[in-house]
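J.: Before anything else, here's the structure in question.
The values are calculated or read from the model by the stated rules, or taken from the named source; none is laboratory data. As the structure is a prediction and not an experimental result, all values here were calculated from the model. Cβ placement follows ideal geometry from the backbone for every residue including glycine, while neighbour counts extend to all protein chains displayed.
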């Protein structure tokens, strides 16, 4: 179990939040409404912050410390895929829906974070609070950007201009991740 | 052409509007128009400015990558699917081409009506934005599930590593960011490769030729 911090100074919480693009467009009152949703939580090194495949019920904003993102390669065996530090988010899409977490996140050191529960965000949303509109819109734009970038990477992978010269083809038996993905998609489509 | 009673009923029954009141559903349905498409007809092309988003009512559409030197079918659109919404959400251009695989009917929502329905000045705007966000988040989750499965599978292999392109890797890492910020996007693609089967290699070779 994580431990709950003492109450942090509001200025400190505001400083953490405004450093994050998701909250940077909020005015003072809107920011205050979001601050009221946060609770301060802490984890010791080695503690699991969220588990892969469990329904996401909240997001975390790392204030201090470091964490590692891990994906299950097989049951019980995880491979690290990224490291996170102060100002980075964990599970922000949990504010939108309750889908399972896509990865496990473990504290690498003593870690302090701000947690926002979806249920609390939704209550504010049901009151049509402008802060929730701005945060949701920011999430939507971020996701759109990621989808577009993914699309562009697939284009790059199948663009003949980006491929290796013809004469080098028979030697390497590997291709890029994106080329592999393209082949899988083609395979699915027959 | 404005919608018939059955077409309005179709829009009101879409899952994305499940949290809307009956009045709100009627309001949304009144903004759509119905457009008939013949097989082979193009709805939009890559690079077009986005003027509308759509829901497919009948028939089947195809999405093609149609950028320079590329002409690849990437997916199909089936009745009930919403599409073309990303460019209206982010104000960007079309990133792919859409054409009719057979005679079809699409329901079109103009960018002006889209913006009006999504306006935060009305409660419905909050619901409309949330519904669209759920859709794009779901699209991203689906895409990233595929990427993660591929990446984990391939990372587990001990085959020789392919040459890497730092810029591409960085953009992939940004692109593949998923549920937990850019976490999955943090996969080191130096460690990711896909082995080409002989059949794939032959096909690749032919395509390049």
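J.: If residue B:39 satisfies all but one of (1) over 22 Å from residue B:132 (Cα atoms); (2) surrounded by fewer than 19 Cβ atoms within 10 Å (Cβ to Cβ); (3) modelled with pLDDT under 95, what's the number of the condition it fails?
T.: (3)
J.: Looking at the structure I just gave you, is residue A:72 buried (at least 20 other Cβ atoms within 10 Å of the Cβ) and without any contact (Cβ under 8 Å) to a residue 60 or more places away in the chain?
T.: It is false that residue A:72 is buried (at least 20 other Cβ atoms within 10 Å of the Cβ) and without any contact (Cβ under 8 Å) to a residue 60 or more places away in the chain.
J.: Search the stretch B:13-34 for residues that are free of Cβ contacts under 8 Å to residues at least 60 places away in the same chain and pair each with any residue that is surrounded by fewer than 12 Cβ atoms within 10 Å (Cβ to Cβ) when their beta-carbon atoms are under 8 Å apart and the residues are at least 6 apart or on different chains.
T.: Going by the 8 Å Cβ cut-off, the qualifying pairs are B:30/B:2.
J.: Looking at A:115, A:125, which one is at the interface with another protein chain (Cβ under 7 Å from one of its Cβ atoms) and closer than 27 Å to residue A:26 by Cα?
T.: A:125 is the lone residue from the list that is at the interface with another protein chain (Cβ under 7 Å from one of its Cβ atoms) and closer than 27 Å to residue A:26 by Cα.
J.: Select the strands (runs of 3 or more DSSP E) contained entirely in the stretch B:9-104, then report the ones holding at least 1 residues which are within 12 Å of another protein chain (Cβ to nearest Cβ).
T.: B:61-65, B:72-77
J.: In this structure, is residue A:72 more than 16 Å from the chain's Cα centre (by Cα) and in a strand (DSSP E or B)?
T.: Yes.
J.: Of the conditions (1) under 26 Å from residue A:136 (Cα atoms); (2) modelled with pLDDT of 90 or more, residue A:43 fails just one. Which one is it?
T.: For residue A:43, the failing item is (1).
J.: Something else now. Return the only residue of B:36, B:72, B:41, B:7 being within 18 Å of the chain's Cα centre (by Cα) and either outside the structural domain of residue B:109 (by TED's automatic domain parsing) or under 23 Å from residue B:100 (Cβ atoms) (or both).
T.: Testing whether each residue is within 18 Å of the chain's Cα centre (by Cα) and either outside the structural domain of residue B:109 (by TED's automatic domain parsing) or under 23 Å from residue B:100 (Cβ atoms) (or both) leaves just B:72.
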